[in-house]
Amino acid sequence: MSLNLKTYVATSFGILIFLLTAFLSFTISSKSVHEVKNQSGNSLSEMAFQMSDKLDSFMWSRYTEIEVLSELETVRETDNLVYTQNMLDQLHKSIPSFSWVGLTDEDGIVTAATDKLLIGTDISDRPVFKHALTGPFIGDVHDAVLLSKILPNPGGEPLQFVDISTPVKGSNSEFKGVLAAHLSWEWSNEIKETVLKPLKGKRENVEIFIVSAKDHTVLLGPDSMVGKSLPLDSIKKARKKKKMIGKLKPGRMENHM
């Protein structure tokens, strides 16, 4: 074999080895990136599920408590308002997330309430009363209206509530009024912290967002983004019960369920 032929064969073999190595490196790298992305997605998906599950459990517990109270004889027979007043005050002390709980008469006039707030006020035009005329009601997160200037607010941030209400009926199933409650939205921050706590020191750039289904307004998230719209494709797909991983900022992934 001549020297030129040996050189040609060696060069060709070297190029082949180089191309094969490059191809394998690219394939392994792509697979690794795909696996990391899947792991990140599964981790974020699990976090989203935990947040959703904890929110549901908390809301269901508060709803059940209001429903049980509405069935008590002392609440149904609204002539014993002193006992009802004491019971509502005790509920607020035991579960501070109940910012306000009130009982109305059949016309929507508040007759008993935590700390006697809004007693004598007509709330018949408020959703918490109107929706409860036909059955139990759980509302969306909303800004405080009647209580914004009454309840203490050390932080100075806008107060937000979730409404829970249920009709109160007498012994003959006649409508006697509504038992209504405003849950402070602050409890959602407490739940968020319990979900994020295991990730501290591992993934500091992870943030949880809760976005309104109506207009994509951020209800829970970084202070700088609360109240702003977050029109992401992943949110639209999440409304269709699809999971998606997207980009919120460079280097930060967001996940929705």
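Brief remarks follow.
- Among residues of the range 198-224 that are farther than 19 Å from Gln50 by Cα and in a loop (DSSP other than H, G, I, E, B), those with a beta-carbon under 6 Å from a residue that is of a type in the set (Gly, Ala, Ser) and modelled with pLDDT of 70 or more at least six positions away or on a different chain give the pairs His216/Ser229.
- In the range 70-92, residue surrounded by the fewest Cβ atoms within 10 Å (Cβ to Cβ) [restricted to those that are closer than 18 Å to Gly108 by Cα and hydrophobic (A, V, I, L, M, F, W, C)]: Leu81
- Close Cβ contacts (under 7 Å, 6 or more residues apart or on different chains) running from residues in the range 63-88 that are free of Cβ contacts under 8 Å to residues at least 40 places away in the same chain to residues that are open to solvent by less than 30 Å² (accessible area, probe 1.4 Å) and of a type in the set (Val, Ile, Thr) comprise Thr74/Thr84; Thr84/Val75; Leu88/Val101; Leu88/Thr114.
- Test: residue in the range 83-100 that is over 20 Å from Val128 (Cβ atoms), of a type in the set (D, E, K, R), in a helix (DSSP H, G or I) and modelled with pLDDT under 90: no
The values are calculated or read from the model by the stated rules, or taken from the named source; none is laboratory data. Values in this document were obtained by computation on a predicted structure and should not be read as measured data. When we count neighbours, we look across all protein chains shown, and the Cβ atoms used for this are built from the backbone with ideal geometry, even at glycine. Areas reflect the complete protein model, heavy atoms only, side chains present, ligands, DNA and RNA absent. Shrake-Rupley method; radii C 1.70, N 1.55, O 1.52, S 1.80 Å.
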